[in-house]
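Okay, so here's the structure we're looking at.
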Amino acid sequence: MSPTNMDRIFRSLSGRTFQPEGANLSPVKFARLIADALHLDFGDTHRAVKTICALTGAHDRAVKNWLQAKNGPAGFHLVALMSASDAVFEAALIAAGRRPDPNAADASDRSYRADKNLGLILAAGMLFSFLALFTAHHREPIPPKTEQAAATPGAGGSAAATATPGR
């Protein structure tokens with residue numbers, strides 16, 4: 001089935017945009033970013049549509065459009081989604097330029113991912129060495145003291161400690 005002529009147009013009629021200089025994000029990329037985050041947190045089922053509708057108060061057709069990346073949520077609905085979904089919150093931070101995009105292909109993001117991976121490898125190594133420290137040396141349990149060894153003064157206890165009633 002071919003798309004209809006009434007599909008959404010993601011460009012302004014005048015050609016002016018109101019995006020900040022640092023944000024290199026088109027409405028199409030924003031819709032895809034939010035759709036991916038919604039799929040990650042809520043899944044692809046009809047129940048996901050109902051859940052998102054209940055969380056945001058949006059109409060089910062609008063939610064289906066968000067999930068299909070035809071358009072993205074705006075205003076109140078975006079804030080409601082950000083408060084309910086960590087993935088949408090992260091996607092909004094990426095869209096605002098406050099977090100590096102893990103899917104971007106520029107060198108700074110690659111170095112960020114490399115640093116992150118190196119940190120994870122070092123953390124795993126530290127964890128395993130920490131575990132090896134405590135599991136490598138097996139301790140024998142301390143043998144209990146016998147009554148006879150505790151009663152003799154030179155065998156580990158004092159005479160005053162053995163003469164105490166109740167012990």
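FYI, it's all coordinate maths here, none of it is from the lab. Keep in mind that this is a model prediction, so the values were computed, not measured. Every residue, glycine as well, gets a Cβ built from its backbone with ideal geometry; the counts of neighbours run over all protein chains shown.
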So which residues in the range 73-99 are outside any loop (DSSP other than H, G, I, E, B) and charged (D, E, K, R)?
ASP86, GLU90
Look at PHE30 and say whether it is out of contact with any Gly (no Cβ under 8 Å at 6 or more places or on another chain) and aromatic (Phe, Trp, Tyr).
no
